[in-house]
Amino acid sequence: MTTENMSATPESTAFRTALDVVRGVEPRIADAIGAEIEDQRASLKLIASENYASPAVLLAMGNWFSDKYAEGTIGRRFYAGCRNVDTVEAIAAEHARELFGAQHAYVQPHSGIDANLVAFWAVLAQRVELPALEQAGVRQVNDLGEEDWERLRKALGDQRMLGMSLDAGGHLTHGFRPNISGKMFHQRSYGTDPETGLLDYDAVRAAAREFRPLILIAGYSAYPRRVNFRIMREIADEVGATLMVDMAHFAGLVAGKVLTGDFDPVPHAQIVTTTTHKSLRGPRGGMVLCDDSLADQVDRGCPMVLGGPLPHVMAAKAVALAEARQPAFQDYAQRVVDNARALADGLTRRGARLVTGGTDNHLALLDVSGYGLTGRQAEGALLDAGIVTNRNAIPRDPNGAWYTSGIRLGTPALTTRGLTADGFDEVAELIDSVLRRTTPGTAKSGKPSKATYVLGEGVAKEVAGRAADLLDKHPLYPRVDLG
Ligand code: DSN
């Protein structure tokens with residue numbers, strides 16, 4: 001057996017050299033970059049929306065493509081000299097089309113929010129005759145008050161969007177007021193069944209019949225189950241809506257062929273958006289897939305709603321999508337789901353309550369009220385013990401969206417690190433042992449606090465030590481040794 005010297009790998013040489021060059025200009029930034037990999041190596045990351053991109057993906061971003069403006073689309077740019085950007089964007093789009101079986105792919109969005117905005121605008125442009133905005137009396141966009149938004153919505157024909165409610169796991173960009181989608185559209189939400197926590201398709205159908213949305217949006221950031229997109233399309237067709245799926249969270253499971261048939265959104269939705277950095281394991285960014293009928297409108301994303309494309313990130317998207325087309329990625333996606341099940345089973349066996357009773361995707365939603373805690377308290381206590389999660393509302397959450405009663409747990413990142421089902425059972429043990437030994441703090445008023453907590457003596461140190469032992473068995477970026 002040969003033992004490779006990790007300090008001599010091409011990856012180590014590449015990152016070390018890059019950091020040396022950065023250090024020559026601003027050493028504090030080189031230090032911060034070095035510190036970040038150490039922090040990531042040391043943390044048990046269960047944030048469902050995060051992952052670890054490969055060295056090839058990371059390296060594809062650090063180059064002179066960053067210097068290029070390329071507004072427009074392939075072959076039709078507002079700037080000269082985009083020959084190589086065209087090459088990169090075409091390769092990324094080709095990989096995306098092939099990987100997902102989509103008619104059209106638009107790889108420019110900088111984030112999931114951007115991708116959703118491109119999609120909303122494309123559907124509006126395709127389906128709505130827009131009278132001039134001046135007719136609606138709209139002045140400067142920054143000055144828009146409630147009445148102006150009302151006029152803008154009227155100018156758009158009072159369009160409606162039906163999406164999953166936030167506490168059932170929907171996303172802010174699916175028509176909620178803090179996001180512009182909630183100002184452009186009248187919004188209504190569908191929730192989940194109060195008993196089972198599962199999506200109730202009959203209730204979605206009833207809401208769609210009554211509300212008659214222009215866009216029926218499916219997709220989630222905290223729903224731990226699969227969605228049947230065939231049924232969602234039937235509902236959309238019945239009421240004349242466009243079905244849009246935001247697959248940001250589960251794109252990796254679609255790419256990895258774990259979600260197929262009725263659970264693959266691409267054959268069913270007219271338009272699909274995603275981020276590229278979550279379960280898909282690419283660079284931070286977004287993407288839109290659509291059928292040919294929407295392609296022209298989607299391609300107007302920049303400059304209609306997006307700033308200049310980021311060609312260096314499109315290069316990294318192409319690399320990540322090429323990786324996702326390898327058989328190894330299908331194995332990865334299957335392990336993400338198997339591991340989520342192992343984590344959910346491990347928690348349930350120890351007496352914890354999970355929303356919907358389990359998971360069949362990459363995440364589980366733990367109701368921490370059984371431990372007598374709010375999500376905020378649980379999040380803090382787990383972090384003290386080296387376990388990184390995020391608090392999340394659960395359906396009909398009595399603690400609201402700030403304190404919450406839930407903790408969202410995802411497996412994509414630690415699966416990339418190589419943890420197996422046994423490892424996730426140990427993670428369940430660590431989580432349960434922290435939460436069992438955490439009690440709510442007391443507010444200044446003397447009442448129980450929703451924010452502060454008291455962690456049992458020595459618990460943080462003990463669990464952090466066990467988490468470190470587990471992580472040591474699964475090194476992060478093993479081929480990157482910064483010395
Ligand atoms: N921030 C992402 C998440 O954590 O799910 C969604 O926008």
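Show the residue pairs meeting these rules: Cβ distance below 9 Å; 6+ apart or different chains; first residue within the range 73-94 and farther than 19 Å from residue 255 by Cβ; second residue assigned to a loop (DSSP other than H, G, I, E, B) and basic (Lys, Arg).
73/300; 79/68; 81/68; 82/68; 84/68; 85/68
In the range 226-260, what count of residues is obtained for those that are more than 16 Å from the ligand (Cβ to nearest atom) and assigned to a loop (DSSP other than H, G, I, E, B)?
Of the residues in the range 226-260, 9 are more than 16 Å from the ligand (Cβ to nearest atom) and assigned to a loop (DSSP other than H, G, I, E, B).
Report the residue count in the range 377-424 for those that are more than 16 Å from the ligand (Cβ to nearest atom) and not hydrophobic (A, V, I, L, M, F, W, C).
Residues in the range 377-424 being more than 16 Å from the ligand (Cβ to nearest atom) and not hydrophobic (A, V, I, L, M, F, W, C): 19 in total.
Here are some residues: 50, 94, 36. Which one is in a loop (DSSP other than H, G, I, E, B), charged (D, E, K, R) and within 30 Å of residue 479 (Cα to Cα)?
So the residue among 50, 94, 36 that is in a loop (DSSP other than H, G, I, E, B), charged (D, E, K, R) and within 30 Å of residue 479 (Cα to Cα) is 50.
Take the range 176-210 and flag every residue that is without any contact (Cβ under 8 Å) to a residue 60 or more places away in the chain and of a type in the set (Val, Ile, Thr). Steps first, please.
The initial filter retains those residues of the range 176-210 that are without any contact (Cβ under 8 Å) to a residue 60 or more places away in the chain, namely 176-178, 182-183, 186-190, 193, 195, 199-210.
Once the filter is applied, which keeps residues that are without any contact (Cβ under 8 Å) to a residue 60 or more places away in the chain and of a type in the set (Val, Ile, Thr), the range 176-210 yields only 204.
Of the residues that make up the range 278-293, is at least one part of a loop (DSSP other than H, G, I, E, B), buried (at least 24 other Cβ atoms within 10 Å of the Cβ) and among the polar types (S, T, N, Q)?
So far as the range 278-293 goes, yes, one or more of its residues are part of a loop (DSSP other than H, G, I, E, B), buried (at least 24 other Cβ atoms within 10 Å of the Cβ) and among the polar types (S, T, N, Q).
Going through 93, 35 one at a time, which residue ends up being in contact with a strand residue (DSSP E or B) (Cβ under 8 Å, 6 or more places away or on another chain) and small (Gly, Ala, Ser)? Can you show your working first?
Values: 35 fails: in contact with a strand residue (DSSP E or B) (Cβ under 8 Å, 6 or more places away or on another chain).
Every option except 93 fails the conditions.
What is the residue count in the range 295-331 for residues that are outside any helix (DSSP H, G or I), in contact with a helix residue (DSSP H, G or I) (Cβ under 6 Å, 6 or more places away or on another chain) and within 21 Å of residue 270 (Cβ to Cβ)?
2
Mind checking which pairs have a first residue in the range 111-125 that is within 19 Å of residue 160 (Cβ to Cβ) and a second that is within 15 Å of the ligand (Cβ to nearest atom) and part of a helix (DSSP H, G or I), Cβ under 8 Å, 6 or more apart or different chains?
Within 8 Å, the pairs are 116/181; 117/181; 120/181.
Does any residue of the range 193-216 turn out to be farther than 18 Å from residue 397 by Cβ, within 16 Å of the ligand (Cβ to nearest atom) and surrounded by 18 or more Cβ atoms within 10 Å (Cβ to Cβ)?
Checking the range 193-216: not a single residue is farther than 18 Å from residue 397 by Cβ, within 16 Å of the ligand (Cβ to nearest atom) and surrounded by 18 or more Cβ atoms within 10 Å (Cβ to Cβ).
Among the residues of the range 406-429, what is the count of those that are of a type in the set (Ser, Thr, Tyr) and under 18 Å from residue 350 (Cβ atoms)?
First, the residues of the range 406-429 that are of a type in the set (Ser, Thr, Tyr): 411, 415-416, 420.
Next, only the ones that are under 18 Å from residue 350 (Cβ atoms) stay: 411.
The total comes to 1.
Read-outs throughout are calculated quantities, based only on the coordinates presented, and are distinct from any laboratory measurement. Note that the structure is a prediction, hence the values are computed from the model and not measured. Because the Cβ atoms are built from the backbone with ideal geometry, glycine has one as well, and the counts that use them run over all protein chains shown.
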